[in-house]
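Heads up, the thing below is written out as structure tokens.
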Amino acid sequence: MSMSRETCINILLALLLLAVPVAAAELGEPFYVTLATRVAILALAAVGLNIALGLGGLVSFGHAAFFGIGGYVAGILASHAFEMSPLVFGIEGTTSMPVIWLTAIMIAGLVALPIGAISLRTTGVYFIMITLAFAQMIYYFAESWPTYGGADGLSIIMRNQFPGVNTARPLPYFLICYCLLIAGLGLYWLLQGSRFGLALQTARQNAIRLSSVGIAPFGIRLTAFVISAMVVGLAGALFADLNKFVSPSMLSWHMSGELIVLIILGGKGRLFGPVAGAAVYVLFEFALGGLTERWQFFLGLVLLGVVLFARGGLLGLLAGKARHD
Amino acid sequence: MTEPVLEILNLRKNFGALKATDDVSLTLMPGEIHALIGPNGAGKSTLIQQISGALTPTSGTIRFLGRDMAGMDMAARARAGLGRTFQISSIAPEFSALRNVILAVQARQGSSFRFFRPVARDRSLIEPAMVMLERVGLAARSRIPAGELSHGERRLLEIAIALSLEPKAFLFDEPMAGLGADGSKSLTALLSELRHVAPILLVEHDMDAVFALADRISVLVYGRIIATGTVEEIRSHPEVRRAYLGEGA
């Protein structure tokens with residue numbers, strides 16, 4: 001069986017993202033390892049958003065809420081563990097990454113459920129605005145809540161722990177994030193090919209068609225919205241641990257916009273679109289950010305080019321039009 | 001006496017002062033093709049939309065298999081057994097013809113919340129879907145994206161989708177529209193067979209097809225049904241000839 005061109009490019013991207021930090025660590029350049037970790041985490045967040053946006057056509061402008069919630073879960077649990085003070089109802093904090101991840105995933109999902117249930121009663125620009133409004137509410141709440149640092153944010157004194165891995169060193173932490181990114185991509189791939197994915201993608205292409213075979217689009221979309229938020233929540237927890245810091249900026253609308261930009265740049269609804277998008281974004285930030293504070297101006301130009309001339313994003317340029325069998 | 005499959009009683013739909021549906025009552029009996037004809041703007045589409053659940057009537061009742069359908073949305077009505085096609089073909093354009101039909105098969109099986117098993121290798125979906133595509137004559141086109149199918153092929157695809165739902169009644173909204181003479185002829189033959197699967201409420205402009213297929217015809221003019229009867233009765237009905245067939249009295 002011959003692989004499609006897109007599959008080859010995907011494997012190449014996955015190997016490249018693995019090889020660069022491993023080589024950088026060998027050469028004693030930890031900064032590049034951290035850069036690659038940033039790519040992996042942002043890509044994971046964008047893979048999460050791609051479930052809602054790419055498969056379901058749900059342009060959420062509020063997914064920073066789930067990214068930030070994941071971040072705050074990591075920060076809050078770690079700070080309680082560090083101070084050895086109980087959280088609520090006698091629950092202890094923790095520095096265990098697996099526990100933090102599961103908590104982040106669950107809380108992001110629980111918050112996404114009512115937000116999605118209300119937002120999905122609208123469509124189009126109203127959906128965009130209402131998801132933005134919810135995220136802003138959470139942003140201002142975090143900013144004005146002094147217990148966990150308010151606008152100043154919350155530091156994680158030591159990176160949280162994973163059994164058998166020294167997470168304080170850059171390469172092992174990159175490998176953790178990389179494995180989770182691959183798991184996230186695996187989830188996206190399974191969902192896309194499943195019965196659920198078929199219904200979800202039909203909801204994007206033609207919701208009336210979905211209704212007229214007897215499947216109500218609302219339940220399908222809401223499920224996708226919640227799964228999407230859970231993945232983004234996990235990425236948020238990883239991001240907080242990468243920076244050893246979480247602040248309301250993770251919840252801001254800039255962050256929501258950034259996630260959308262990553263997807264559009266890389267290729268909406270393409271498995272590795274978010275990976276390509278995150279890589280280009282972080283490289284731009286690094287290469288041009290050193291030269292000028294206005295690096296986002298140039299990113300804007302690239303985005304403009306993509307939207308005008310390459311709707312399929314970078315993957316569309318490299319691998320051609322997406323095909324469904 | 002047999003019960004009607006679909007029964008519409010004193011249905012009214014007002015848009016402001018416009019009476020788009022004005023006290024319409026009609027029935028669809030088991031095994032029949034009941035054609036609904038009328039000039040443009042007579043309110044055929046408005047009526048279809050109320051039956052399928054896209055529009056809420058101002059007053060009146062729609063009963064399907066003895067059950068009042070008020071408050072049921074489009075998806076619930078489809079699940080209850082109403083299989084429809086659209087005046088303008090409604091398909092998922094990026095998916096292949098096969099995937100479009102698979103969606104209906106999976107909906108019929110009642111299982112869209114399965115997240116992991118790939119559809120592409122699920123024989124319980126693919127095989128029944130292929131049978132339906134064969135039945136409408138699209139088997140050779142199963143891998144073509146639905147958006148790239150010809151107009152006539154899309155009409156057939158919609159019928160294959162409706163068939164896969166194993167409906168208790170069909171609602172076909174101008175299936176012949178835009179088909180050539182040959183297309184209309186073969187579709188007429190297909191519809192004639194389908195009445196044995198489920199009764200058909202057929203909205204259609206093509207009079208040759210209507211006269212060839214219909215057991216009964218209702219004529220809708222300005223939101224009102226002015227006559228219901230057999231082909232012969234409608235052909236010779238003076239008011240119908242004046243209002244619809246365009247003959248000066």
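The values are calculated or read from the model by the stated rules, or taken from the named source; none is laboratory data. Owing to the predicted nature of the structure, the values given are computational and were not obtained by experimental measurement. Please note: Cβ atoms are built from the backbone with ideal geometry, for glycine as well, and neighbour counts cover all protein chains shown. What goes into the accessible areas is simple: the full protein's heavy atoms, side chains included, and nothing from ligands, DNA or RNA. Shrake-Rupley method; radii C 1.70, N 1.55, O 1.52, S 1.80 Å.
Please go through the range B:74-86 and give me each residue that is surrounded by 16 or more Cβ atoms within 10 Å (Cβ to Cβ) and more than 7 Å from every other protein chain (Cβ to nearest Cβ), ordered by number.
Within the range B:74-86, the subset surrounded by 16 or more Cβ atoms within 10 Å (Cβ to Cβ) is B:74-75, B:77-86.
Once the filter is applied, which keeps residues that are surrounded by 16 or more Cβ atoms within 10 Å (Cβ to Cβ) and more than 7 Å from every other protein chain (Cβ to nearest Cβ), the range B:74-86 yields B:77, B:80, B:81, B:82, B:83, B:85, B:86.
Can we say residue B:232 is out of contact with any His (no Cβ under 9 Å at 6 or more places or on another chain) and without any contact (Cβ under 8 Å) to a residue 12 or more places away in the chain? Explain how you work it out, then say what you get.
Details: out of contact with any His (no Cβ under 9 Å at 6 or more places or on another chain): yes; without any contact (Cβ under 8 Å) to a residue 12 or more places away in the chain: yes.
For residue B:232, the condition - out of contact with any His (no Cβ under 9 Å at 6 or more places or on another chain) and without any contact (Cβ under 8 Å) to a residue 12 or more places away in the chain - is met.
Between A:277, A:273, A:305, which is at pLDDT below 95, within 22 Å of residue A:6 (Cα to Cα) and open to solvent by less than 30 Å² (accessible area, probe 1.4 Å)? Let's see the steps before the verdict.
Details: A:277 fails: at pLDDT below 95; A:273 fails: at pLDDT below 95.
When all the criteria are applied, what remains is A:305.
State whether the residues of the range A:172-185 include one that is open to solvent by less than 30 Å² (accessible area, probe 1.4 Å), more than 17 Å from the chain's Cα centre (by Cα) and over 30 Å from residue A:36 (Cα atoms).
Checking the range A:172-185: not a single residue is open to solvent by less than 30 Å² (accessible area, probe 1.4 Å), more than 17 Å from the chain's Cα centre (by Cα) and over 30 Å from residue A:36 (Cα atoms).
Checking the condition in the same structural domain as residue B:110 (by TED's automatic domain parsing) and either basic (Lys, Arg) or within 25 Å of residue B:62 (Cα to Cα) (or both), which residue from B:135, B:224, B:195 passes? Show your work before the answer.
Details: B:224 fails: in the same structural domain as residue B:110 (by TED's automatic domain parsing); B:195 fails: in the same structural domain as residue B:110 (by TED's automatic domain parsing).
None of the others qualify; the one that does is B:135.
For the range B:199-221, indicate whether the set of residues that are of a type in the set (Ser, Thr, Tyr), in contact with a strand residue (DSSP E or B) (Cβ under 7 Å, 6 or more places away or on another chain) and under 26 Å from residue B:39 (Cβ atoms) is non-empty. Working first, answer last.
Filtering the range B:199-221 for residues of a type in the set (Ser, Thr, Tyr) gives B:218.
From what's left, in contact with a strand residue (DSSP E or B) (Cβ under 7 Å, 6 or more places away or on another chain): B:218.
Next cut, under 26 Å from residue B:39 (Cβ atoms) only: B:218.
For the range B:199-221, residues of a type in the set (Ser, Thr, Tyr), in contact with a strand residue (DSSP E or B) (Cβ under 7 Å, 6 or more places away or on another chain) and under 26 Å from residue B:39 (Cβ atoms): present.
Condition first: hydroxyl-bearing (Ser, Thr, Tyr), surrounded by 24 or more Cβ atoms within 10 Å (Cβ to Cβ) and part of a helix (DSSP H, G or I). Now tell me which residues in the range A:15-69 satisfy that. Let's see the steps before the verdict.
Of the range A:15-69, the ones hydroxyl-bearing (Ser, Thr, Tyr) are A:32, A:34, A:37, A:60.
Of the ones still in play, those that are also surrounded by 24 or more Cβ atoms within 10 Å (Cβ to Cβ) are A:37, A:60.
Residue satisfying the conditions is A:37 alone.
Which numbered condition in (1) open to solvent by less than 80 Å² (accessible area, probe 1.4 Å); (2) away from chain A (no Cβ under 13 Å) is the only one that residue B:89 fails?
Here residue B:89 clears every test but (2).
Would you mind finding the one in B:62, B:51 that is at pLDDT 95 or above and either in a helix (DSSP H, G or I) or closer than 24 Å to residue B:176 by Cβ (or both)? Steps first, answer last, please.
Details: B:62 fails: either in a helix (DSSP H, G or I) or closer than 24 Å to residue B:176 by Cβ (or both).
Unique residue meeting the criteria: B:51.
Find the residue count for the range B:103-122, including only residues that are closer than 21 Å to residue A:51 by Cα and open to solvent by 70 Å² or more (accessible area, probe 1.4 Å).
Selection size over the range B:103-122: 4.
For residue B:90, only one of the following conditions fails: (1) polar (S, T, N, Q); (2) modelled with pLDDT under 95; (3) more than 20 Å from the chain's Cα centre (by Cα). What is its number?
Status for residue B:90: all satisfied but (3).
Identify, please: which residue in the range B:140-152 is open to solvent by less than 40 Å² (accessible area, probe 1.4 Å) and within 21 Å of residue B:170 (Cβ to Cβ) and is, among those, modelled with the lowest pLDDT?
Taking the range B:140-152 as the starting set, the residues that turn out to be open to solvent by less than 40 Å² (accessible area, probe 1.4 Å) are B:142, B:145-147, B:149, B:152.
Going one step further and asking which of them are within 21 Å of residue B:170 (Cβ to Cβ), we end up with B:146, B:149, B:152.
Working: B:146: 96, B:149: 95, B:152: 91.
Checked the range B:140-152; the qualifying residue modelled with the lowest pLDDT is B:152.
Does any residue of the range A:77-86 turn out to be touching a strand residue (DSSP E or B) at 6+ places or on another chain (Cβ under 8 Å) and part of a helix (DSSP H, G or I)?
Of the residues in the range A:77-86, the ones touching a strand residue (DSSP E or B) at 6+ places or on another chain (Cβ under 8 Å) are A:79.
Now restrict to residues that are part of a helix (DSSP H, G or I): A:79.
Yes, the range A:77-86 has at least one match.
Give me a count of the residues in the range B:107-137 that are facing chain A (nearest Cβ under 8 Å) and more than 21 Å from residue A:200 (Cα to Cα).
0
Determine, yes or no, whether residue B:168 is modelled with pLDDT of 95 or more, more than 8 Å from chain A (Cβ to nearest Cβ), open to solvent by 10 Å² or more (accessible area, probe 1.4 Å) and under 22 Å from residue B:204 (Cα atoms).
Working: modelled with pLDDT of 95 or more: yes; more than 8 Å from chain A (Cβ to nearest Cβ): yes; open to solvent by 10 Å² or more (accessible area, probe 1.4 Å): yes; under 22 Å from residue B:204 (Cα atoms): yes.
In short, yes.
Does residue B:67 count as open to solvent by 20 Å² or more (accessible area, probe 1.4 Å) and away from chain A (no Cβ under 12 Å)?
Values: open to solvent by 20 Å² or more (accessible area, probe 1.4 Å): yes; away from chain A (no Cβ under 12 Å): yes.
When the stated conditions are applied, residue B:67 passes them.
For residue A:262, work out the one condition from (1) touching a Pro at 6+ places or on another chain (Cβ under 9 Å); (2) open to solvent by 20 Å² or more (accessible area, probe 1.4 Å) it doesn't fulfil.
Every condition holds for residue A:262 apart from (2).
Have a look at A:213, A:232, A:226 and point out the one that is buried (at least 24 other Cβ atoms within 10 Å of the Cβ) and more than 9 Å from chain B (Cβ to nearest Cβ).
On the way: A:213 fails: more than 9 Å from chain B (Cβ to nearest Cβ); A:226 fails: buried (at least 24 other Cβ atoms within 10 Å of the Cβ).
Just a single option satisfies the conditions, and that option is A:232.
Just for strands (runs of 3 or more DSSP E) wholly inside the range B:168-243: which have at least 3 residues that are under 17 Å from the mean Cα position of the chain (by Cα)?
Numbers: elements: B:169-173, B:200-203, B:216-221, B:224-229.
Fully inside the range B:168-243 and qualifying: B:169-173, B:200-203, B:216-221.
Looking at the range B:116-135, can you tell me whether even one residue there is part of a loop (DSSP other than H, G, I, E, B), under 21 Å from residue B:83 (Cα atoms) and under 21 Å from the mean Cα position of the chain (by Cα)?
Of the residues in the range B:116-135, the ones part of a loop (DSSP other than H, G, I, E, B) are B:116-118, B:122.
In the following step, the residues that additionally are under 21 Å from residue B:83 (Cα atoms) were identified as none.
No, that holds for no residue.
With the checklist (1) under 17 Å from the mean Cα position of the chain (by Cα); (2) closer than 23 Å to residue B:197 by Cβ; (3) away from chain A (no Cβ under 11 Å) in hand, flag the one item residue B:104 doesn't pass.
Of everything listed in (1) under 17 Å from the mean Cα position of the chain (by Cα); (2) closer than 23 Å to residue B:197 by Cβ; (3) away from chain A (no Cβ under 11 Å), residue B:104 misses just condition (3).
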